[in-house]
1. Which one of Val184, Val215 is of a type in the set (A, V, I, L, M, F, W, C) and closer than 14 Å to Ala130 by Cβ?
2. Of everything in the stretch 184-197, what is in contact with a helix residue (DSSP H, G or I) (Cβ under 8 Å, 6 or more places away or on another chain), more than 10 Å from Arg166 (Cβ to Cβ) and either touching a residue at least 60 places away in the same chain (Cβ under 8 Å) or assigned to a helix (DSSP H, G or I) (or both)? Give them in sequence order.
3. Does the stretch 59-80 contain at least one residue that is outside any helix (DSSP H, G or I) and closer than 18 Å to Gln229 by Cα?
4. Please find, within the stretch 173-191, the residue that is surrounded by the fewest Cβ atoms within 10 Å (Cβ to Cβ) out of those that are more than 19 Å from the chain's Cα centre (by Cα) and of a type outside the set (D, E, K, R).
5. Quickly run through the stretch 99-132 and pick out the residues that are small (Gly, Ala, Ser) and not in a helix (DSSP H, G or I).
6. Could you please find all residues in the stretch 152-172 being outside any helix (DSSP H, G or I) and surrounded by fewer than 15 Cβ atoms within 10 Å (Cβ to Cβ)?
7. Just to verify a result, which residue in the stretch 16-31, among those that are more than 16 Å from Arg250 (Cα to Cα) and part of a helix (DSSP H, G or I), is farthest from the chain's Cα centre (by Cα)?
8. If Pro4 passes every condition in (1) outside any loop (DSSP other than H, G, I, E, B); (2) more than 22 Å from the chain's Cα centre (by Cα); (3) surrounded by 13 or more Cβ atoms within 10 Å (Cβ to Cβ) but one, which one does it miss?
Amino acid sequence: MKHPSPLQYAYAIGRVRALENFLVGRDVFREAADAPDFQSALKMISDAGRFGGNLTGIKDSEDLDDVLAAEEERLFVLLDEILLDREVLEVIRLLRRPEQAFESAGKTDSGFIRDYVRHLADLGNLKMFARAKYLGLAAASFEGMALGGGFMGKEVFLAGYGRPLRDLGPGLDPRYRPLWEKAVLTLEERETFVALESGIEDFLMTYLRRAKYMVFGPEPVFSYALAKQRELGLVRLVGIGKINLIPAERIKERVSETYV
């Protein structure tokens, strides 16, 4: 199959570069976590970005989910309009199922997109490995859940399964060691996976930011789409946190890096 020339993405990249200016930064979400109530938090986020729905008119978690679902649907309408490579759109739709996304990514002409999905598989395995070990599951249980297609094979994890979590570090791809070391320390000290989860999101967002310096091709569109989805996830994180009266500090420690 012939893929579109990278030069053919000039219009699409112009569109997403303009839209990037309206993405909400991490500091805004952290400030919103300190807001006195749910409505004030969402108004702060709404004022800082651009949303098709009315964030300030939301009354409860059901309203919030409806508005965010509509926002994501608007995103896919845009992608359907400007993405010239259908496989790239398919990858975005399948990212919650990394092994299927990897198959679609292999059909694209973008090493950047293929490598993103490989990182996603590795980091998904890190998360499953930590949870399986914490719950005392057998190695066979982890092996049955582990994802293929990453930079690291299952054997890396299986070789470390009988040892303490921190001992996995030396066998990991060096790119993952800092987030793993911090995650293990937090798990040991506080029995929470928050550092692992936020570390994974930070790693992936840092990777996506490389697309800001790409002038042609589908990569900036791909990265904008994922950045917008993450933004919607953070809106939900803060919104649900405020609805449930979660302490601001607990919300803020879950606010990961953003695209801007």
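1. Just a single option satisfies the conditions, and that option is Val184.
2. Selection gives Thr186, Phe193, Val194, Ala195, Leu196, Glu197.
3. Scanning the stretch 59-80 turns up no residue that is outside any helix (DSSP H, G or I) and closer than 18 Å to Gln229 by Cα.
4. It comes out as Pro174.
5. Across the stretch 99-132, the qualifying residues are Gly106, Ser110.
6. Selection gives Gly153, Gly162, Arg163, Pro164.
7. Ala18
8. (1)
The values are calculated or read from the model by the stated rules, or taken from the named source; none is laboratory data. Quick caveat: nothing in here was measured; it's all calculated off a predicted structure. Note that we place each Cβ from the backbone using ideal geometry, even for glycine, and neighbour counts take in every protein chain shown. Just the protein is used for accessible areas: all its heavy atoms, side chains included, with ligands, DNA and RNA removed. Shrake-Rupley method; radii C 1.70, N 1.55, O 1.52, S 1.80 Å.
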